[in-house]
Structures are given as C-alpha cells and as structure tokens.
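The structure appears right after this line, and notes come after that.
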Amino acid sequence: MMAEKRTRRRFLSEMAGLGALTTGATLGSAGQTAARRPNIVFILADDLGYGDIGCYGSPDVRTPNIDGLAKQGVRFTSFYSNGPECTPTRTGLMTGRYQHRVGGLECAIGLANVGRYDDASRLAAAHELGLPVEETSIARMLKDAGYATALCGKWHLGYEPKFLPCRHGFDYFFGSLGGAVDYFHHTESDGQLMLYQNEAPVRRAGYMTDLITEEAVGFIARQSERPFFLYVAYTAPHAPYQGPNDRKDQPLGPDEWDKKGSHETYAAMIERMDQGIGAILKALDEKGLSQNTMVVFTSDNGGTALGNNAPFRGGKGGLFEGGIRVPCIVRWPGLLPAGETTEQAAITMDLSASMVRIAGATPARPFDGTDVLREIEAGQPPQPRTLFWRQRRGEVTWRAVRDGSLKYVSRSDGKATTENLFDLARDPSEKDDLLTSRPDDLKRLKGLLAEWEREVRPKR
C-alpha cells in the first residue's frame, strides 16, 4: 500500500512494528533515470549523545534502523557538531558557515524567543533574533537548483515571521518553531502553541516524534519528477522527557519542564525515533528511491545528563568532546562504501558543502565547511583539520580549537578562566592535561583561535 493511502492508525501501527525490517530492504531504483540528481534526506536528532545508539556502543538502547544505515553506509568516529547546543549547529547546517558570522546565534534561542547572552538579548529586543534570509540557506540554494524542499520537525532559528523556514527556501514546513515542545500538546512551557504548518499555527493530535515521521513519509510519497531535499529534524530525545505512552490530559506546567526524567523514558524516546527513521527508509524503498537518495543521520550536539556520551568527557553546553563529538552516518548507495568507518575529523557544516555540490547547486558565498563526502568518495585517507568553536551563555564563554590531534579548550565566567590542552589521538577522553608541558603548542593554538575570532566577527 502506498504511504499516501494509509490511514493514520495503520501508519502508526506499521511504524511501531518496523523494528529492523527496513534496514535490510532492497535498495531498488525502479522508475528512475541515471540522469536524475540524487535526493537528499538529512535526519537530525536533538541532544543525542555519541554513545546513545547501538552502532556507537549503547548497551541497552535498541536502534536497529540507525544501525542498519551504518551497515549500508559510512560511519564517522570523529564527527563534530558546529556547537554544543541546538541553534548554533542548525545555523551552521543551514549556512555552511560558522554560526558566529551571523550574530546572536552562538547559544540556543530560549523558549519564548529569549536571548541568552548580551548580543542575543540585544537582537531579541530589536526583533532581530534569528537567521536572516540574507544568510542564504542551503535550502534556498537547492530550491534554486530545482529541488523540492521540506522541513519536517524542529526549526529553532527564529520565532519572528521573517525568520520562518518558508522564507529560507523550504517549500513546505511542518514542525515546532522553538527549542522544545510538549510532545503531546505541542506547547512551550508558557502554554503557547508552537506547532506550525508553513507559516501558521496548527493543532494536530499525536506524539511529536510520530507527527514528524508521518509528515516526512507523506512528503516522500508526494514526490514524482523533481529531486528533493528533505530535512527531518526530530525533537527527540530533547526535554521534556516524555515517552510515546506518557500522554497527560493537560499540557505540562512550567514546574514540570525541569524534571530530570528516567533512563527508561529517554531510551523509549530514542527507540521511537529509530522506528520513525525505519518508516522513512521504507517510504524511500516503496517509491523506488533508495538507490538514488543520500541519507544522513547525525545529532545537533552531545547528550544531557541522561545521555550517554561515552567514552568522552562532558556533555551538552560545553566544549569538551562529550558536548560536540556526535554520531554521524551517511548512506549513498554506489557512491559511498558500505559498512565503512572513517576517522576523518569533520563538522556539521562540512555536510552542507557536500550537499550543495551533490545537488549541482551554486553556493551563495564561500563555505567554511569542507566537502568531506567528496574526499570519502575519492577514497582519500583522513586529512588533518583545524576546527573552531565558541559558545556563549550568560557570562560564560567557552572556546576551543582542534588542530590535527591537539585540542585547546578554555572556559571563562567573567571572573576566572580555566584552560586545557589535550592530545586526542592518545587521550580521547581528555584526562591528561598537557597545558604546562607543551607551551609552544599552547601558544600556537591560542594564536589560531584569536585569529579565527577576528575573522568570523558578525556584521550586525
């Protein structure tokens, strides 16, 4: 039965029972021509830790569909998010550039459109906190190149109408505007409805993860001749921690949003997302699109206290490896090797550069990211990279640079600064601080970081 003819009950029943069935589906190419440019499905988890899925070492969270992608594609072991929180990484993904160039987006936009550090607060007061359309998104670049474009899931790049996804090149948007919603009532902590279809609020019964999946499957079912870019931005496993069976009659009150949750609930949220990913892969198979579709799966930052960031130190919000080293899998049959693991250091915005090239689109400006998939397609060994981060919230500023295997990290709270230097090649868990024993490397990395900060200074 084609996806568009399913009843909602049948759809959810099939999705819940998928398990690992879809990971072994035949990658058919019926009805396609060799000349058609590849479709792109980019799946982004929210606050998923490096060790939260089976193929990255989770001992108890069942993720057969994501694990199946890894068997059919390339799995990165040194992949980084653009930032340790939601908004910064999504900015890097949409622009292919360091989020710092935009201004105000170095920290997650707070619920109800709150700026969380001085520059963000200034922009929020001026109704300018968000991603301006002048920062041309990859959705716009792909749309201009003839792609059908859709975002199903979380936006988190501005509440104001001028920042909404359809202004950025998405033909269709269904999902949440801000950083988090009640999974059943789709409201923020103040009770405001934040579920949107295109540019208007909409009420829809259902668990948020399931609704995102259903919309993604429906979009795939509607496609015919044009290649498409489908951005699936799940809210799972971001707080509030609500599993698929945790519905309450009333939306969560303000005092319920900060509940820590349980590991069992957290695991159930991830497993439901994995089932949804299975439904999306099955929809591609049913349309005969899998062979000509590149599927990417990654996370916007490391996990929270409930997450598993093993074997790394730290978590969401900080610049130790646990806050920014994330899972990443890319499946592209016939172009990328199946079942391969790469140690290539890469970052979210690298995939932006790769997607624009793969689509035959024209970059709106030079990317900061490197076309990492071209290197893997060519069978090149891992190349040295220099990557930078800066994260701000309140008075706290984190900075980090990775150059080759060396990494410098600093944290300042306005009163004191702590610094660390690590060699990730022999100390990936960042336990052995080399700050005092390698002064020349420390000076060099701090110089690189200072030069980068001057270069990415925002213009607004």
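If you check L164 against the conditions, is it free of Cβ contacts under 8 Å to residues at least 24 places away in the same chain, out of contact with any Cys (no Cβ under 6 Å at 6 or more places or on another chain) and either aliphatic (A, V, I, L, M) or surrounded by 23 or more Cβ atoms within 10 Å (Cβ to Cβ) (or both)?
Working: free of Cβ contacts under 8 Å to residues at least 24 places away in the same chain: no; out of contact with any Cys (no Cβ under 6 Å at 6 or more places or on another chain): yes; either aliphatic (A, V, I, L, M) or surrounded by 23 or more Cβ atoms within 10 Å (Cβ to Cβ) (or both): yes.
Spelling it out, it is not the case that L164 is free of Cβ contacts under 8 Å to residues at least 24 places away in the same chain, out of contact with any Cys (no Cβ under 6 Å at 6 or more places or on another chain) and either aliphatic (A, V, I, L, M) or surrounded by 23 or more Cβ atoms within 10 Å (Cβ to Cβ) (or both).
Take the conditions surrounded by fewer than 24 Cβ atoms within 10 Å (Cβ to Cβ), within 15 Å of the chain's Cα centre (by Cα) and either in a strand (DSSP E or B) or touching a residue at least 60 places away in the same chain (Cβ under 8 Å) (or both) and apply them to R97. Does it pass? Give the derivation first.
Working: surrounded by fewer than 24 Cβ atoms within 10 Å (Cβ to Cβ): yes; within 15 Å of the chain's Cα centre (by Cα): yes; either in a strand (DSSP E or B) or touching a residue at least 60 places away in the same chain (Cβ under 8 Å) (or both): yes.
Judged against the criteria, R97 is a match.
Got a sec? Which of E271, E264 is at pLDDT 95 or above, among the acidic types (D, E), within 22 Å of the chain's Cα centre (by Cα) and not in a loop (DSSP other than H, G, I, E, B)?
Working: E264 fails: within 22 Å of the chain's Cα centre (by Cα).
On inspection, the qualifying residue turns out to be E271.
Scanning the range 109-135 for residues that are surrounded by fewer than 20 Cβ atoms within 10 Å (Cβ to Cβ) and β-branched (V, I, T), which turns out farthest from Q391 (Cα to Cα)?
V133
Can you pull out the residues in the range 300-331 that are under 16 Å from the mean Cα position of the chain (by Cα), assigned to a loop (DSSP other than H, G, I, E, B) and either among the hydrophobic types (A, V, I, L, M, F, W, C) or modelled with pLDDT under 95 (or both)?
V326
Being of a type in the set (D, E, K, R) and at pLDDT 95 or above is the filter; apply it to the range 181-213 and report the residue that is farthest from P244 (Cα to Cα). Give the derivation first.
Initial filter on the range 181-213 (of a type in the set (D, E, K, R)): 182, 188, 190, 199, 203-204, 210.
Keeping just the survivors that are at pLDDT 95 or above gives 182, 188, 199, 203-204, 210.
Details: D182: 12, E188: 18, E199: 27, R203: 18, R204: 15, D210: 9 Å.
Checked the range 181-213; the qualifying residue farthest from P244 (Cα to Cα) is E199.
Residues of the range 202-252 being in contact with an Asp or Glu (Cβ under 6 Å, 6 or more places away or on another chain) and either loosely packed, with under 15 Cβ neighbours inside 10 Å or free of Cβ contacts under 8 Å to residues at least 40 places away in the same chain (or both), which ones?
None; the set is empty.
Among the strands (runs of 3 or more DSSP E) contained in the range 356-460, which hold 2 or more residues that are in contact with a Cys (Cβ under 8 Å, 6 or more places away or on another chain), buried (at least 17 other Cβ atoms within 10 Å of the Cβ) and not hydrophobic (A, V, I, L, M, F, W, C)? Break it down stepwise before answering.
Details: elements: 386-393, 396-403, 406-412, 417-423.
Qualifying strands (runs of 3 or more DSSP E): 386-393.
For the range 274-294, what are the residues that are under 16 Å from F229 (Cβ atoms), outside any helix (DSSP H, G or I) and not hydrophobic (A, V, I, L, M, F, W, C)?
Scanning the range 274-294 gives K287, T293.
The values are calculated or read from the model by the stated rules, or taken from the named source; none is laboratory data. Because the structure is predicted, anything quoted here is derived from the model rather than measured. Backbone-built Cβ (ideal geometry, glycine too); neighbour counts: all protein chains shown.
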